[in-house]
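Contents: one structure, followed by commentary.
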Amino acid sequence: MASAASLIGALVLICLSALFSGLTLGLMGLDKMGLQIVIESGQRAEASARERRDAKLAQDILPFRSRGNLLLCTLLFGNVAVNCLLSILMADLTSGLAGFLISTLSIVVFGEIVPQSVCSRHALYVGALAMPLVYVFVFVCYP
């Protein structure tokens, strides 16, 4: 029987996998020029409240998106590390084949498909919301 701590750990790892995967697609899909355009359109006097909000979100993302290689490497390294750890944990909790199948299905559905569909549509909002976590991940993965 799996321990509660191991199951909670697996859920945390699936959530981190989703975060890394979604941010990779979402943030890397936002180019610097597009972010700059959003910022400038939100600074106009006749800008709507939504344009101003989007400009603020773009300002939060732009400094980090400007360092695209660091961002991409951090997100990819984090995603691979979390997915490997999830596979190891699931293999320990179940038999090898069952762990393989459960971790593979969990990663594909909850760690790739769902977050990428959400983040591709709401990249600016999700990316800005996750920026504090991204700074932590860069600090941890930088060496």
Selection from region 55-81 of residues that are at pLDDT 90 or above, among the hydrophobic types (A, V, I, L, M, F, W, C), under 25 Å from GLN43 (Cα atoms) and out of contact with any Gly (no Cβ under 7 Å at 6 or more places or on another chain)
LEU57, ALA58, LEU62
Selection from region 124-138 of residues that are open to solvent by 100 Å² or more (accessible area, probe 1.4 Å) and closer than 18 Å to GLY68 by Cβ
TYR135
PRO143 is checked against (1) over 12 Å from the mean Cα position of the chain (by Cα); (2) part of a helix (DSSP H, G or I); (3) surrounded by fewer than 17 Cβ atoms within 10 Å (Cβ to Cβ) and fails just one. What number does that condition carry?
(2)
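The values are calculated or read from the model by the stated rules, or taken from the named source; none is laboratory data. If you're wondering where the values come from, they're calculated on a predicted model, not measured in any experiment. All Cβ positions, glycine included, derive from the backbone under ideal geometry; neighbour counts span all protein chains shown. All accessible areas refer to the heavy atoms of the entire protein, side chains included, with ligands and DNA or RNA removed. Shrake-Rupley method; radii C 1.70, N 1.55, O 1.52, S 1.80 Å.
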